[in-house]
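In what follows, a single structure is set out as structure tokens and then discussed.
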Amino acid sequence: MLYIPCPWCGPRDETEFRYGGEAGVAYPADPDAVDDAAWSEYLFVRSNPKGWFEERWVHTSGCRRWFTVRRHTVSYEIRDPRPIGEST
Amino acid sequence: MTTSYVEPYVLPEHDVPHWRDVDPKRSYDVVIVGAGGHGLATAYYLAKNHGITDVAVLDKGWLAGGNMARNTTIIRSNYLWDESAAIYEHALKLWEGLEEDLGYELLFSQRGVLNLAHNLGDVREGKRRVNANQLNGVDAQWLEPEDIKKLVPILDTSRDVRYPVHGGTFQPRAGIAKHDYVAWGFARAAYERGVQLIQHCEVTGVSVDGNRVTGVETTRGPIAAGKVALCAAGHTSVLGDMAGLRFPIQSHPLQALVSELLEQVLDTVVMSNAVHVYVSQAHKGELVLGAGIDSYNGYGQRGSIHVIEHQLSAALELFPIFARAHVLRTWAGIVDVCPDASPILGLTPIEELYVNGGWGTGGFKATPGAGWVYADTIANGRPHPLAEPYRIDRFRTGALIDEHGAAAVAH
């Protein structure tokens with residue numbers, strides 16, 4: 001089980017969290033101007049690296065806030081927990 | 001009776017090798033990346049159906065050591081949507097003649113798959129799926145609780161439990177096979193037709209000239225190829241990145257487990273989406289259990305223990321007698337999940353580069369069908385009719401094949 005460091009509550013068991021996938025995927029600034037290919041990319045395509053990955057979690061059983069971590073998808077090591085919008 | 005060995009104990013002779021390791025040649029007509037079930041089946045059907053034998057199947061590890069060694073071996077075709085029923089039923093028909101075709105025993109056992117319904121929503125979904133299956137020529141039946149109790153006496157069908165059994169769908173032609181034998185059977189048959197199987201040869205780059213693939217870079221040197229066929233399940237995205245292609249795929253750990261060997265108590269496959277577990281009993285006697293994916297992206301071939309706890313508690317809910325069984329081992333594979341829980345099979349934006357991936361949690365059952373269809377697609381440079389709906393551009397056109405809720409969450 002992952003041991004996930006919530007920026008507000010500290011490290012807790014994975015079962016207290018829900019996964020949010022890749023971090024930093026912005027809603028298109030002008031959705032009407034986006035063509036089908038770009039809209040498809042926004043809806044369905046996410047990075048899937050074997051290595052370090054910026055991702056989102058939400059502390060559903062705790063403070064219920066979203067945050068960003070950097071996690072290695074092979075070792076599962078987690079670094080740099082931070083509130084959304086803050087850079088490391 | 002006990003057996004005592006007289007020292008020195010002599011190891012049994014190895015069987016005749018089914019294939020020989022070779023060093024890769026400098027070029028091939030077709031290079032298949034990934035020597036799992038799908039890759040080996042593709043190579044076999046390229047040789048058998050299309051006469052294309054200048055083929056190498058590369059694997060970064062050993063033959064069939066990825067998901068082919070880690071799945072729970074369930075075979076069925078009772079999918080809701082026409083596109084899915086077509087390709088999985090094609091696969092099931094091939095399974096039914098595969099032992100004869102390969103001349104190899106696969107322990108293919110059509111013991112049926114039972115999908116349980118625990119609430120009104122499940123009942124409606126199940127009956128709808130049975131009707132859809134019958135329209136598509138897939139054998140499917142709706143069973144009432146009393147029929148289910150006869151079929152699986154050890155299942156708790158009493159009414160006062162958390163997940164009462166309100167009925168279920170049953171596909172009698174579904175079943176299991178011995179996954180390793182399937183890989184070895186395809187490997188031997190492909191090898192006998194001239195296909196080269198190259199283990200411990202990791203692809204590190206995809207070579208593209210203009211908009212046409214020319215080969216692959218590997219840990220054992222560059223290999224030129226007229227056609228390159230990606231067939232690497234959980235690593236499809238990693239290979240796509242090498243070619244500058246972003247696939248709508250996320251890789252997740254998927255865990256399974258087996259019990260110690262037990263007397264035969266279960267002679268069909270039981271799946272439950274609401275409770276979220278599926279279980280069968282292997283020929284040797286171990287209970288084989290699987291569940292859903294771990295939530296997070298991962299290539300680590302291991303998952304979190306709470307997922308195992310959850311699936312065991314689900315199993316105990318259905319089968320109270322499993323309480324005394326011991327877990328022998330748990331493991332995980334890496335599954336490649338598409339947003340609509342259906343695979344991507346066909347051409348890519350790069351000429352002569354093909355992709356077969358995104359089978360998620362359910363690729364094993366498709367092995368012969370996927371290999372057949374993929375080989376035809378590669379040989380002819382256009383999607384096989386059964387692969388047509390699985391084009392990558394369905395995510396742009398919106399023609400998704402949404403099997404997430406439709407077929408069964410668990411594959």
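Before moving on, here are some points about what is shown:
- Among (1) over 25 Å from B:Ile249 (Cα atoms); (2) out of contact with any helix residue (DSSP H, G or I) (no Cβ under 7 Å at 6 or more places or on another chain) - the single one B:Ala323 does not satisfy: (2)
- One residue from B:Gln196, B:Gln134 being of a type in the set (S, T, N, Q) and not assigned by TED's automatic domain parsing to the domain that holds B:Phe319: B:Gln196
- Residue check, A:Pro28 away from chain B (no Cβ under 13 Å) and within 18 Å of B:Tyr296 (Cβ to Cβ): no
- With respect to the conditions (1) under 28 Å from B:Tyr104 (Cβ atoms); (2) within 14 Å of chain A (Cβ to nearest Cβ), B:His179 falls short on a single one, namely (2).
- Applying the criterion of being of a type in the set (A, V, I, L, M, F, W, C) and facing chain B (nearest Cβ under 9 Å) to the residues of the range A:31-44, the residue that is nearest to B:Val238 (Cα to Cα) is A:Phe44.
- Index of the failed condition, A:Ser47 passing every other in (1) surrounded by fewer than 16 Cβ atoms within 10 Å (Cβ to Cβ); (2) in contact with an Asp or Glu (Cβ under 6 Å, 6 or more places away or on another chain); (3) closer than 22 Å to B:His235 by Cβ: (1)
- In the range B:208-218 there is no residue that is within 30 Å of B:Asp393 (Cβ to Cβ), among the hydroxyl-bearing types (Ser, Thr, Tyr) and surrounded by 22 or more Cβ atoms within 10 Å (Cβ to Cβ).
- Scanning the range A:32-77 for residues that are within 23 Å of B:Phe395 (Cβ to Cβ), over 15 Å from the mean Cα position of the chain (by Cα) and assigned to a loop (DSSP other than H, G, I, E, B) yields A:Val34, A:Asp35, A:Lys50.
- Any chance B:Ser84 is in a helix (DSSP H, G or I), touching a helix residue (DSSP H, G or I) at 6+ places or on another chain (Cβ under 9 Å) and of a type in the set (Gly, Ala, Ser): yes
- Test for B:Ile392: is it outside any helix (DSSP H, G or I), within 14 Å of chain A (Cβ to nearest Cβ), of a type in the set (Val, Ile, Thr) and closer than 15 Å to B:Ser84 by Cβ: no
The values are calculated or read from the model by the stated rules, or taken from the named source; none is laboratory data. Bear in mind the structure is a predicted one, so any value in this text is a computation, not a measurement. Here the Cβ is made from the backbone with ideal geometry for all residues, glycine too, and neighbour counts use every protein chain on show.
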